[in-house]
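Engineer: There's a structure below that I have some questions on.
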Amino acid sequence: KPKSIKEVPRYLKNITKSFFSRLFYTVGLVWEARPSLVFLMIFMAIFNGISPVVGAFISANLINVIARSLLKLATADEVLVALLWQFGFTFVNSLVNSVNNILTRISGEVVTNHIKVKIMKKAKEIDLASFDSPEFYERMENANREAGMRPIQILSATFSMFSTVITLISFVVVLATELWWAALVMVLVSVPSAIINFYYRRKNFEY
């Protein structure tokens, strides 16, 4: 950790380098297991990032049409179309979320199998004397334990963060066209939450 302000840039550089090196290594493991899983997770991240904005527009349109219909400015057909859009979006969103949950479980099984096979192949190449080393044995057992859902959890958390960033940028752009100060407030309010989230995630990783 930095002991002075001058060491902060170096500290941030080391954290960023460490984060991306581990992230790319994890992505590499999933890519080795099945490249299509990475593309599917990227698609889900983009969809989950855009869907809240699309849902907000569809809900706003439905509310406007209902308000206009109460004032006799919109027909029943317009209300029906708005309701169908709302229903369709809700259905597609629920369907994609269900598929995402299934994908996460299947991905975990595929990646687990791939990593455990890699560990077994590596164990065959190592001298038997290495297994008498407590440090080596501990690292191998830890790799076996963490081979389960850990890589998928890391990627899911990372892509979830990207989805949040996409949603935030989308809402900021929409708000900036109407109320620029509201977009600024939204960004400022998000900063403390991001810092706290990062701090406790790092604590969890250290534990």
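The values are calculated or read from the model by the stated rules, or taken from the named source; none is laboratory data. Since we're looking at a predicted model, the values are computed, not measured. Glycine gets a Cβ as well: all are built from the backbone with ideal geometry, and neighbour counts include every protein chain shown. The area values use the complete protein model at the heavy-atom level, side chains included, leaving out ligands, DNA and RNA. Shrake-Rupley method; radii C 1.70, N 1.55, O 1.52, S 1.80 Å.
Engineer: Taking the range 7-17 on its own, how many of its residues are open to solvent by 40 Å² or more (accessible area, probe 1.4 Å) and either of a type in the set (A, V, I, L, M, F, W, C) or within 19 Å of the chain's Cα centre (by Cα) (or both)? Even if it seems obvious, please write down each step before you answer.
Structural biologist: First pass over the range 7-17, keeping only residues open to solvent by 40 Å² or more (accessible area, probe 1.4 Å): 7-14, 16-17.
With the extra rule that they be either of a type in the set (A, V, I, L, M, F, W, C) or within 19 Å of the chain's Cα centre (by Cα) (or both), the set shrinks to 8, 12, 16.
Final tally of qualifying residues: 3.
Engineer: Separate question: Here are T112, T164: which of them is among the hydroxyl-bearing types (S, T, Y) and touching a Pro at 6+ places or on another chain (Cβ under 9 Å)? Working first, answer last.
Structural biologist: Numbers: T164 fails: touching a Pro at 6+ places or on another chain (Cβ under 9 Å).
One residue alone meets the criteria, T112.
Engineer: Can N113 be described as assigned to a helix (DSSP H, G or I) and under 14 Å from L40 (Cα atoms)? Give the steps one after another, and end with the answer.
Structural biologist: Values: assigned to a helix (DSSP H, G or I): yes; under 14 Å from L40 (Cα atoms): no.
No: the conditions fail for N113.
Engineer: While we're here: Do we have any residue at all in the range 47-62 that's modelled with pLDDT of 85 or more, more than 29 Å from the chain's Cα centre (by Cα), in a helix (DSSP H, G or I) and exposed (fewer than 14 other Cβ atoms within 10 Å of the Cβ)? Explain how you work it out, then say what you get.
Structural biologist: Pass one, the range 47-62, residues modelled with pLDDT of 85 or more: 47-62.
Next cut, more than 29 Å from the chain's Cα centre (by Cα) only: 62.
Filter once more, so that each one left must be in a helix (DSSP H, G or I): 62.
With exposed (fewer than 14 other Cβ atoms within 10 Å of the Cβ) added as a condition, the list becomes none.
Looking for residues that are modelled with pLDDT of 85 or more, more than 29 Å from the chain's Cα centre (by Cα), in a helix (DSSP H, G or I) and exposed (fewer than 14 other Cβ atoms within 10 Å of the Cβ), one finds none in the range 47-62, hence no.
Residues are listed down the side, and each one gets a yes or a no for (1) touching a Ser or Thr at 6+ places or on another chain (Cβ under 9 Å); (2) at pLDDT below 85; (3) not small (G, A, S):
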position: A67; (1), (2), (3): no, no, no
position: L80; (1), (2), (3): no, no, yes
position: L83; (1), (2), (3): no, no, yes
position: V92; (1), (2), (3): yes, no, yes
position: R105; (1), (2), (3): no, yes, yes
position: I115; (1), (2), (3): no, yes, yes
position: I119; (1), (2), (3): no, yes, yes
position: K122; (1), (2), (3): no, yes, yes
position: F131; (1), (2), (3): no, yes, yes
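Engineer: I've got another one for you. For residues that are among the hydrophobic types (A, V, I, L, M, F, W, C) and either open to solvent by 70 Å² or more (accessible area, probe 1.4 Å) or under 20 Å from Y200 (Cα atoms) (or both), tally how many sit in the range 130-168.
Structural biologist: 9
Engineer: Is there any pair with a first residue in the range 106-126 that is farther than 18 Å from Q153 by Cβ and a second that is hydrophobic (A, V, I, L, M, F, W, C) and in a helix (DSSP H, G or I) whose Cβ atoms are under 6 Å apart and which are 6 or more apart or on different chains, and what are they?
Structural biologist: These pairs meet every condition: I119/A143.
Engineer: Right, another one. Could you tell me whether the range 64-75 includes any residue that is open to solvent by 40 Å² or more (accessible area, probe 1.4 Å), closer than 24 Å to I50 by Cα and either part of a helix (DSSP H, G or I) or small (G, A, S) (or both)?
Structural biologist: Narrowing the range 64-75 to residues open to solvent by 40 Å² or more (accessible area, probe 1.4 Å): 64, 66-68, 70-73, 75.
Add one more test, that the residue is closer than 24 Å to I50 by Cα, and what stays is 64.
Checking the rest, the ones that are also either part of a helix (DSSP H, G or I) or small (G, A, S) (or both) come to 64.
Yes, the range 64-75 has at least one match.
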